[in-house]
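Notes follow the structure.
Values quoted throughout were computed directly from the atomic coordinates according to the rules given, and no laboratory measurement underlies them. Computed from a predicted structure; not experimentally measured. Positions of Cβ are backbone-derived with ideal geometry, glycine not excepted, and every protein chain shown enters the neighbour counts.
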2 protein chains.
Amino acid sequence: MSPSRPAPAVSVDIVLLTLGDTGLQVALHRRDHAPCQHQLALPGGYVHVDEDDSCEATAKRVLRDKTGLEPRYLEQLRTFAGPRRDPRGWSVAVSHVALIPLQQLRDAGDGVFHFYDVDQLPELAFDHAEQVREAVQRVRNKASYSTLPCWLLPERFTLTQLQHTYEQIFGETVSRGTFRSRLGIKVADAKPGEYADEAALLEATEEFLGGKQRPARLFRINRLSLFKRARW
Amino acid sequence: MSPSRPAPAVSVDIVLLTLGDTGLQVALHRRDHAPCQHQLALPGGYVHVDEDDSCEATAKRVLRDKTGLEPRYLEQLRTFAGPRRDPRGWSVAVSHVALIPLQQLRDAGDGVFHFYDVDQLPELAFDHAEQVREAVQRVRNKASYSTLPCWLLPERFTLTQLQHTYEQIFGETVSRGTFRSRLGIKVADAKPGEYADEAALLEATEEFLGGKQRPARLFRINRLSLFKRARW
């Protein structure tokens, strides 16, 4: 039995976050048609029922079409719905958060997006400002007890880069000791294939970053994991 | 510009949880028409674009129509969507979690629902079993750092009833001392209008429960609040 009433339009919006020089930034584009023409907005698009296997697939298709990239981290945020969020009528936007390293975004889709500090948002179309606020809250919250920030870094990173990423997400510095103790980092001198942390998440690679003085070993991480310890 | 493709059907499902004698239970009903006729399913219904102001409004309307009740706690869980979850075609279900005290449900909608232990689920229609699993995980997780379990109790409750509620959600007993320390309970002998806890959440009322021996004062809570302390 199909519904006898008209169905709402269903789209997927993506809060695409990256780490710029000044901290967490969101990727926005200027809309080239009505409604909200010329306003800044999140990337997004309608679900294509003949193409997409899920809302996550819609999100990936939209990002692929715009940037050629697949985000390493993609998560459903929340669904925003109602009669007034879009002037075209009752609409449902299944909002997602995606994390992509800035360099990857710059290489792939130069000029497609404008990047804005998440704590200094300009005016946005529809309810996109609310979506960004919720996404940032989610990312900061999850960063406080998980390895989520790794997905804002290139695939291989130094422990110092990882510390800076956490600091930029929270907007505050932490001591090297506090940082390493939270992540359970015990063996920063891990050898290739060994793990630097108790939870066996940070795997040492054979590569180094930096000059002759004190080159820093690069690590990689394979999955999102929650800390067993208390929050940050 | 409307989408040129057909829009998916949009419904709202509700994982209605309550606390029975054996612990956390979910309210299910037997579907009286196809698809999945005669199977157990969550309450739910299509969004009525001419009536509902939001998906939360759809959830409330569906529960009101079935039970006459408004849940004291209602939260969006996650959106389940895709071409195969419903044989009628591409569909979007915005899933919600609702908490209602058992007595209230029994008084209002006797016979509408069957109650099942969340850890011993029968076979359910569509992806409803997955929705229940996620909802229970969310509730247990939130219960570990918030006052969420209060919404499974009547409006006024004793501190012992509250402790039992936490124990039933987690399926394990805790000592009275551990429980009270987690909730920051300092003054269980609070007088009417005073608060029993540090966070000023548990307000003492003028009413008591129990016989002449040691009547227990009833408390009430006004809002969902997170603990400042570490997790359970």
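Which peptide among A:160-166, A:193-199, A:204-210 comes first, and what is the full order, when sorted by highest mean count of other Cβ atoms within 10 Å? Present the calculation step by step, with values, prior to reporting the outcome.
Details: A:160-166: 19.0, A:193-199: 16.1, A:204-210: 13.6.
Going from most to least packed, we get A:160-166, A:193-199, A:204-210.
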Q. In whole Å, what is the distance between the alpha-carbon centres of region B:126-158 and region A:152-216?
A. 37
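Please tell me the relative contact order of chain A in percent, rounded to the nearest whole number, where contacts are Cα pairs under 8 Å and at least six residues apart.
Working: 395 pairs, mean separation 42.5, N = 232.
Reported relative contact order: 18 percent.
Quick check: net charge around A:Tyr73, other residues with Cβ under 15 Å of its Cβ, Lys/Arg +1 and Asp/Glu -1?
Result for the local shell: +3.
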Q: Please average, across the residues of A:50-58, the number of beta carbons from any other chain that are within 10 Å of each residue's own beta carbon, and give a whole number.
A: 4
**Q.** Gaussian network model of chain A, Cα within-10 Å springs - most flexible of A:Arg176, A:Arg133, A:Arg156
**A.** A:Arg176
(Q) Just to be sure I understand: with springs between alpha-carbon atoms less than 10 Å apart, which residue in A:Thr22, A:Thr67, A:Thr58 has the highest mean-square fluctuation in the Gaussian network model of chain A? (A) A:Thr22
Q. Say we join alpha carbon atoms closer than 10 Å with springs in a Gaussian network model of chain B; which of B:Ile14, B:Ile100, B:Ile221 then has the biggest fluctuation?
A. B:Ile221
Q) Can you sort B:Ser225, A:Ser91, B:Ser95 so the residue with the fewest Cβ neighbours within 10 Å comes first? A) B:Ser225, A:Ser91, B:Ser95
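How much net charge surrounds B:Asp52 when only the other residues with a Cβ under 14 Å from the Cβ of B:Asp52 are counted, with Lys and Arg +1 and Asp and Glu -1? Could the numbers behind the result be given before it?
Values: positive: A:Arg5, A:Arg84, A:Arg85, B:Lys60, B:Arg61, B:Arg64; negative: B:Asp50, B:Glu51, B:Asp53, B:Glu56, B:Asp65.
Residues near B:Asp52 contribute +1 overall.
Based on a Kirkwood Rh over C-alpha pairs, give the Stokes-Einstein translational diffusion coefficient of region B:85-166 at 25 °C and viscosity 0.890 mPa s in µm²/s. Before the final figure, lay out each step's value.
Working: Rh = 15.0 Å.
The calculation lands on 164 µm²/s.
Please report the relative contact order for region B:9-143, taking Cα pairs under 8 Å with a sequence separation of at least 6, and give it as a percent rounded to a whole number.
Working: 239 pairs, mean separation 44.1, N = 135.
Averaging sequence separation for qualifying contacts and normalising by length gives 33 percent for region B:9-143.
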Q | Those lysines that a straight Cα-Cα span of less than 20 Å connects to B:Lys186, excepting residues fewer than 8 apart in one chain | A | B:Lys228
**Q.** Restricting region A:1-100 to GluC sites (Glu not before Pro) in coil, as DSSP defines it, with at most 12 other Cβ within 10 Å
**A.** A:Glu51
Q. When each copy gets a label point 7 Å from Cα toward the beta-carbon at B:Cys36, what are the spacings between them in nm, shortest first?
A. 3.3
Q | 7 Å along Cα→Cβ, label-point gaps from A:Ser146 to other copies, nm, shortest first | A | 1.6
Q. With all pairs of different alpha carbon atoms counted, what Kirkwood hydrodynamic radius in Å does region A:148-221 show?
A. 12.5
Q: Report, by chain and number, residues whose modeled amide H sits under 5 Å from the one on A:Lys186, excluding near sequence neighbours (fewer than 5 apart, same chain).
A: A:Asp197, A:Glu198
Q) If you wrap a convex hull around the Cα atoms of chain B, how much volume per residue is inside, in Å³? A) 156
Q. Which aspartates and glutamates have a Cα less than 12 Å from the Cα of B:Lys66, not counting those fewer than 8 places away in the same chain?
A. B:Asp110
Q) Using the eigenvalues of the Cα gyration tensor, what equivalent ellipsoid semi-axes result for region B:8-65 when each is taken as the square root of five times the eigenvalue, whole Å, largest first? A) 23, 17, 8
Q: Report Rg(Cα)/(2.2 N^0.38 Å) for region A:17-140, keeping two decimals.
A: 1.01
Q. Could you give, in nm with one decimal, how far A:Gly211 is from each other copy of that position, shortest first, with labels 7 Å out from Cα toward Cβ?
A. 8.4
Q. Given only helices, namely DSSP H runs of n ≥ 4 each adding -39500 (n - 2.57), what is the per-residue ellipticity at 222 nm of the protein assembly as shown, to the nearest 500 deg cm²/dmol?
A. -7000 deg cm²/dmol
Q) Which lysines have a Cα less than 19 Å from the Cα of B:Lys191, not counting those fewer than 8 places away in the same chain? A) B:Lys212
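More than 34 angstrom separation, counting every C-alpha pair in the protein assembly as shown; what % is that?
Numbers: 48629 of 107416 pairs.
Here the tail beyond 34 Å accounts for 45 percent of pairs.
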